[in-house]
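One structure is given here, and the rest of the page talks about it.
Each reported figure results from applying straightforward, stated rules to the coordinates on display, with no laboratory input. Quantities reported herein were computed from a predicted structural model and do not represent experimental measurements. Cβ sites come from the backbone with ideal geometry, for glycine too, and all protein chains shown count toward neighbours.
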Amino acid sequence: MNLVNSCLNRQRKYLFKIIVISLVAVTGVALSAVHGRAQDLDMLTPEVFTLKKGIVGFGMGMAPDYEGSDEYTVIPIPQFRYNWENRCYINLLGPSLRVNLIPGRTFGFGPMLRYQSGRDSVDDDLVDKFEKVDSALEAGAFGSVIFNNFILYTAFNADTTDSHGGYLVDLAGGYRFGIESNVQFIALALGTYASDDYMETYFGIDEKNSERSGLPEYSAGAGLKDIGLMGALQYRLDSNWAILGIMKYTRLLGDAADSPIVDQRGDANNFMDGIIINYSF
């Protein structure tokens, strides 16, 4: 705690900058609010790719129309980070906003906000008849460790908007490979545990939705929602510009995979990919 207080005290002169940067980051979240399925990108911890004072980037990707869908849609992926003294930072990637309060290169910890898209208008004719699920703003905390290129990450986020009313626990572990001086690659294995409320909201089918859609009633309980793999390759064009490519595969498990929304109307195998062009300063 002394390290945290020392870091924060030394940074009071940067308060105005941080407020401005936060407003920019919130704007980025608003841009990404078109779709929240890029949420697992927050597992790409900021220390993974060498940065200067900060970074600004924007990209596009493809993600499932809804969790468990076999239809895909285009998503925006904003990227923003600002480091103040001793690697305390504010970071935006996709729909996730995080603030690291731990100085140094090895450990990261702090609060985070994450946008979770709801389910309103979707391409599937039957799922589209379901009652609307509002988008959620999740709040929680993250922790990360990077040591000798090994990466560990975890996060806990709970709904603050009474949309799904539940919580998610994310875990990831992987390794960073330095292929060339200007090329880095990350490989991550990941998994997500979801609460009863989350699972019932996104994968359950109550009597009303069953009557609306013709799909059978279904109850989904808490458990390991998914596991997956993610790869990210960054190619640095020069000292400032870089291209970041991301690919992610997720396999829904248990009650999520067995839901008629997925089993009959979608696919338990979900993919996400994207390309971001960013500028370091």
Seminar exercise, completed: The extension gain from VAL133 to ASP273, computed as 0.36 nm times the residue separation minus the Cα-Cα distance, is 47.9 nm
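What ranking of MET60, MET199 emerges when the number of other C-beta atoms within 10 Å of each C-beta is taken as an exposure proxy, fewest first?
Going from sparsest to densest Cβ surroundings: MET60, MET199.
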Exercise. With each label point set 7 Å from Cα along the Cα-Cβ vector, what nm distance links TYR235 and TYR249?
Worked result: 2.2 nm
Exercise. So for the pair GLN264, GLU85, with labels modelled 7 Å out along Cα→Cβ, what separation do we get in nm?
Worked result: 6.2 nm
Exercise. To the nearest 0.05, what FRET efficiency results for ARG212 and ASP70 with a Förster distance of 30 Å applied to their C-beta separation?
Worked result: 0.90
Exercise. Can you list the residues, at least 5 places off or on another chain, whose amide H is less than 5 Å from the amide H of GLY118, using H built in the peptide plane?
Worked result: SER135, ALA136
For this session: Compute the FRET efficiency between LEU126 and PHE156 as 1/(1 + (r/R0)^6), taking r as their Cβ-Cβ distance and R0 = 30 Å, and round to the nearest 0.05.
Result: 0.35
For this session: Taking amide H positions as placed in the peptide plane 1.01 Å from N, state which residues far from THR73 in sequence (5 or more) or on other chains have amide H under 5 Å from it.
Result: ALA63, ASP65
Problem set entry | Reachable aspartates and glutamates, given that their alpha-carbon falls under 18 Å from the alpha-carbon of LYS129 and they are not under 8 places away in the same chain | ASP65, GLU67, ASP70, GLU71, ASP120, GLU200, ASP206, GLU207, GLU211, GLU217, ASP263
Exercise. Which ³J(HN,Hα) values in Hz, rounded to whole numbers, follow from the phi angles of the range 272-281 under the Karplus curve 6.51 cos²θ - 1.76 cosθ + 1.60, where θ = phi - 60° and Gly and Pro get x?
Worked result: 9, 9, x, 10, 10, 9, 10, 10, 9, 9
